[in-house]
Amino acid sequence: MAEPIIRMESVHKYYALDGVRVHALRGIDLNVMPGEFVAIMGPSGSGKSTLMNIIGCLDVPDSGGYWLSGADVTRMNVDELAGLRNRALGFVFQGFNLLARTSAVENVEVPLLYAGVGRVQRRTRARELLQRVGLGERLNHTPNQLSGGQQQRVALARALVNRPALLLADEPTGNLDSATSVEILDLLTELNQKDGVTVLMITHEPDIATRAQRKLVLRDGTLES
Amino acid sequence: MSALAALQLAVRALWRNKMRALLTALGVIIGVAAVITMVAIGAGAQKRIASQLDSMGTNNLTIRSGSSAHGGVRTGVGTTHTLMLADAEALRELPGVVAVAPNVRSSVQARFRGTNWGTSVDGVTPEFFAVRDWPLAEGELFTAREVALAAPVCVIGQTVVKELFGLTPALGETILFKSLACRVVGVLVAKGASAFGSDQDDVIYAPLTTVQRNLLGITYINGIEVQAANRAAAFSIVPEIKKLIRQRHRLRDDQEDDFRIFNRAELAQTAETSAQVFSWLLGSIASVSLLVGGIGIMNIMLVSVTERTREIGIRMALGARRNDILWQFLLEALILSGAGGVIGILAGMGGAAALAKFSEFQVSVTMWSIIMAFGSALLVGVFFGLHPARKASHLRPIEALRYE
Ligand SMILES: Nc1ncnc2c1ncn2[C@@H]1O[C@H](COP(=O)(O)OP(=O)(O)OP(=O)(O)O)[C@@H](O)[C@H]1O
Ligand SMILES: [Mg+2]
């Protein structure tokens, strides 16, 4: 059997806020195979974003094990985690998280910059991806000159620019109208099916979750099956 | 990330906030400009003092007849008459002595045709002009033979030329002092004011013997100028001179010296040291403003890190390592201080040039002050930029990303 891209064993996460301890994740066991499209659902405050941040190596679990493509993430230092985020992972956030006052093409170039890719190659690759998400005509627009849907496409192009194996999307359509949501979802589906990118997507809406092959439901920090 | 890409990133971030960048750099600009201008003033003063000291002869000692004590009555400097020409000749034998110039002084009313001018007539030997390093503007010096013969000739300073002769040529004319008539054989070049402010050109020099016999009717001398081989010798021969003259004057151990030794080298050293201290003082006061400029950089960089927390979070999420973030902010601080340094150097040189032109100050912009000021500016950039940059690079990705 092939190795899972994500393997988690009894992951726990606590938050301490003003002396109150929140047990956000209570023993998560999870396997995701390469090429899967997984939707994560669950009520607000159930720990979806917390889980996604740990999978994305933006945060670390307080206990438990986490292996990304077989590599033990809990033993890595901050710079190794940064390298992993740069090469192996792509992020799409609900709030887009583009750099302000920076053109679309420069936003898409950022991961390449930290990968040490040369100037000319950076520009070529960034253009290529913006064309792919249908923004070939908007290369030099800054985020405030783009619609929400267009901004999310830029974010998607940026997430894909380093050819990651795993794409993480935390409510990618949360700030978009239904027509634009469908466009973004079409892109995600295409990426998953044509390019074999593993996609993990958090969503609140059941009809959006139907796009996925597998649906996980999180409740009070534990996964329902 | 490549160094070039990091530099571009830093320049672009600063360019987005041009006005703020300029105001931040202003502190460094003013600091560097102040250091350069202040050190230029100090160095100018040092140069001026050095040239004044040179005109006095910095390796010279002056021996003057001193005071005497008779039954408890002590008289002032120059009141004894025990210093003799033979004493001067004896000093020649001391090692480290290059030249010896005995002299006598007198004050007279000098007359030429209808004009008269109160000045001093000093009796000297030709060696005196070598000791003082004082060349002639025209004519020639009187000779050793003319000194031996007590010839009625003289060499005059520029002030005397101006006061007695005006525009008529002085060379070959005869000046009268009391009953003595002296022919002008030479005119000295202008020497200007001494370090004490007296006019060194207001003087007439005649042969030592002429002044002694024909003007004053004395056999003693008033003083001896001794030129030492170098600055160190000027200090070391003082006790030897003292010993020799005491011996020659047959002074008992319980008797005071009947002469005084003034060490010009000592004076020169004091003056030079104080000029140097002055220079350093000005420089250090100016350095304080450079320091304040650095604190300004730190302040703005800290604000900038806070404002850009979210940007830092995004960059970290996309793969920026700690050092990538550190260098991004450190480079911004370095560019601010480096560019501030360059502008400050230009402003400082401009300020020094303006001072030279429109004020009494003598200024001298030195290479080392430019290097020091620019180096300090960069150091200030690193020192005050490091803390904000470290703070930025140690943010945790998830917290930076969530920052509102
Ligand atoms: N930084 C934090 N400090 C303290 N508590 C936190 C923090 N982040 C999340 N929590 C708490 O952890 C729990 C899980 O939060 P999380 O953001 O993962 O929920 P979620 O499922 O993404 O919710 P939503 O659907 O509203 O986005 C919540 O109770 C939340 O209050
Ligand atoms: Mg959430």
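Residues that are at negative phi and out of contact with any strand residue (DSSP E or B) (no Cβ under 9 Å at 6 or more places or on another chain) within the stretch B:91-125 comprise B:GLU93, B:PRO95, B:GLY114, B:THR115, listed in sequence order.
Residues in the stretch A:54-80 that are within 16 Å of ligand 2 (Cβ to nearest atom) and either surrounded by fewer than 21 Cβ atoms within 10 Å (Cβ to Cβ) or among the small types (Gly, Ala, Ser) (or both): A:GLY56, A:ASP59. Can you name every residue in the stretch B:179-229 that is surrounded by fewer than 14 Cβ atoms within 10 Å (Cβ to Cβ) and either out of contact with any strand residue (DSSP E or B) (no Cβ under 9 Å at 6 or more places or on another chain) or not small (Gly, Ala, Ser) (or both)? Listed by number, the residues that qualify are B:SER179, B:VAL189, B:SER194, B:PHE196, B:GLY197, B:SER198, B:GLY217, B:THR219.
Selection of the stretch A:81-110 for residues being in a helix (DSSP H, G or I) and open to solvent by less than 30 Å² (accessible area, probe 1.4 Å) yields A:LEU81, A:ALA82, A:GLY83, A:LEU84, A:ARG85, A:ASN86, A:ALA104, A:VAL105, A:ASN107, A:VAL108, A:GLU109, A:VAL110. Among the residues of this structure, A:LEU51 counts as one that is within 9 Å of ligand 1 (Cβ to nearest atom) and either open to solvent by less than 10 Å² (accessible area, probe 1.4 Å) or in contact with a His (Cβ under 9 Å, 6 or more places away or on another chain) (or both). Restricting A:VAL73, A:VAL105, A:VAL32 to residues that are touching a Ser or Thr at 6+ places or on another chain (Cβ under 7 Å), more than 16 Å from ligand 1 (Cβ to nearest atom), at pLDDT 95 or above and hydrophobic (A, V, I, L, M, F, W, C) narrows the list to A:VAL32. A:VAL22 meets all of the listed conditions (1) farther than 25 Å from A:ALA209 by Cβ; (2) in contact (Cβ under 8 Å) with a residue 24 or more places away in the chain but one, namely (2). If you filter the stretch A:148-200 down to residues that are within 14 Å of chain B (Cβ to nearest Cβ) and within 16 Å of ligand 1 (Cβ to nearest atom), you find that the one that is most open to solvent (accessible area, probe 1.4 Å) is A:ASP170. Based on what the data block shows, is B:GLU272 over 30 Å from B:ILE370 (Cα atoms), acidic (Asp, Glu), surrounded by fewer than 22 Cβ atoms within 10 Å (Cβ to Cβ) and more than 14 Å from every other protein chain (Cβ to nearest Cβ)? Spelling it out, it is not the case that B:GLU272 is over 30 Å from B:ILE370 (Cα atoms), acidic (Asp, Glu), surrounded by fewer than 22 Cβ atoms within 10 Å (Cβ to Cβ) and more than 14 Å from every other protein chain (Cβ to nearest Cβ). The sole residue among B:SER274, B:SER284, B:SER279, B:SER304 that is in contact with an Asp or Glu (Cβ under 9 Å, 6 or more places away or on another chain), more than 30 Å from B:ALA148 (Cα to Cα) and either modelled with pLDDT under 85 or not assigned by TED's automatic domain parsing to the domain that holds B:ALA148 (or both) is B:SER304.
Considering A:GLY64, A:GLY95, A:GLY136, which residue is more than 9 Å from chain B (Cβ to nearest Cβ), more than 25 Å from B:ARG12 (Cα to Cα) and not charged (D, E, K, R)? Residue meeting the stated conditions: A:GLY64. Looking across the stretch B:305-344, the residues that are surrounded by fewer than 20 Cβ atoms within 10 Å (Cβ to Cβ) and away from chain A (no Cβ under 14 Å) come down to B:THR306, B:ILE335, B:GLY338, B:ALA339, B:VAL342, B:ILE343. Within the option set A:VAL32, A:VAL38, being out of contact with any Pro (no Cβ under 8 Å at 6 or more places or on another chain), of a type outside the set (Lys, Arg) and open to solvent by less than 20 Å² (accessible area, probe 1.4 Å) holds for one residue only, A:VAL38. Scanning the stretch A:6-29 for residues that are in contact with a His (Cβ under 9 Å, 6 or more places away or on another chain) and more than 7 Å from ligand 1 (Cβ to nearest atom) gives A:HIS12, A:LYS13, A:TYR14, A:HIS23, A:LEU25, A:ARG26, A:GLY27, A:ILE28. The strands (runs of 3 or more DSSP E) falling completely within the stretch A:1-72 that include 2 or more residues that are under 20 Å from B:ARG402 (Cα atoms) map to A:6-17, A:20-32. Look at the stretch A:40-52: where a residue is within 12 Å of chain B (Cβ to nearest Cβ) and a partner is open to solvent by 20 Å² or more (accessible area, probe 1.4 Å) and near ligand 2 (Cβ under 9 Å from one of its atoms), sitting 6+ places away or on another chain with Cβ atoms under 7 Å, you get A:SER49/A:ASP170; A:MET52/A:ASP170.
Can you say whether B:SER120 is free of Cβ contacts under 8 Å to residues at least 40 places away in the same chain, within 30 Å of B:ALA271 (Cβ to Cβ) and among the hydroxyl-bearing types (Ser, Thr, Tyr), as far as the supplied structure shows? Taking the combined requirement at face value, the residue does not satisfy it.
Does B:LEU355 satisfy being farther than 21 Å from B:LEU22 by Cβ and either modelled with pLDDT of 95 or more or open to solvent by 60 Å² or more (accessible area, probe 1.4 Å) (or both)? For B:LEU355, the condition - farther than 21 Å from B:LEU22 by Cβ and either modelled with pLDDT of 95 or more or open to solvent by 60 Å² or more (accessible area, probe 1.4 Å) (or both) - is not met. Of the numbered criteria (1) more than 10 Å from chain B (Cβ to nearest Cβ); (2) crowded, with 22+ Cβ neighbours inside 10 Å; (3) without any contact (Cβ under 8 Å) to a residue 12 or more places away in the chain, the one A:LEU113 fails is (1). If you filter the stretch A:201-212 down to residues that are under 17 Å from the mean Cα position of the chain (by Cα) and open to solvent by 30 Å² or more (accessible area, probe 1.4 Å), you find that the one that is nearest to ligand 1 (Cβ to nearest atom) is A:HIS204. Taking the numbered list (1) out of contact with any Lys or Arg (no Cβ under 7 Å at 6 or more places or on another chain); (2) under 29 Å from B:ALA392 (Cα atoms); (3) part of a helix (DSSP H, G or I); (4) open to solvent by less than 30 Å² (accessible area, probe 1.4 Å) in turn, B:GLY348 passes all entries but (2).
Picking from residues in the stretch A:131-155 that are in contact with a helix residue (DSSP H, G or I) (Cβ under 6 Å, 6 or more places away or on another chain) and part of a helix (DSSP H, G or I), the one that is nearest to A:SER49 (Cα to Cα) is A:GLN152. Of the residues making up the stretch A:165-203, those that are touching an Asp or Glu at 6+ places or on another chain (Cβ under 7 Å) and either free of Cβ contacts under 8 Å to residues at least 12 places away in the same chain or within 16 Å of ligand 2 (Cβ to nearest atom) (or both) are A:ILE202, A:THR203. Scanning the stretch B:377-403 for residues that are part of a helix (DSSP H, G or I), within 14 Å of chain A (Cβ to nearest Cβ) and open to solvent by 20 Å² or more (accessible area, probe 1.4 Å) yields B:ARG390, B:PRO397, B:GLU399, B:ARG402. Does A:VAL22 meet the test of being within 16 Å of ligand 2 (Cβ to nearest atom), more than 25 Å from B:ARG322 (Cβ to Cβ) and away from chain B (no Cβ under 11 Å)? Judged against the criteria, A:VAL22 is a match. Taking the numbered list (1) touching a Pro at 6+ places or on another chain (Cβ under 8 Å); (2) at pLDDT 95 or above; (3) within 16 Å of ligand 1 (Cβ to nearest atom) in turn, A:PHE91 passes all entries but (1).
The values are calculated or read from the model by the stated rules, or taken from the named source; none is laboratory data. Please read these numbers as outputs of a predicted model, since none were measured by experiment. Heads up, the Cβs are rebuilt from the backbone with ideal geometry, glycines too, and the neighbour counts pull from every protein chain shown. To get the accessible areas, we keep the full protein, side chains included, count just its heavy atoms, and leave off ligands, DNA and RNA. Shrake-Rupley method; radii C 1.70, N 1.55, O 1.52, S 1.80 Å.
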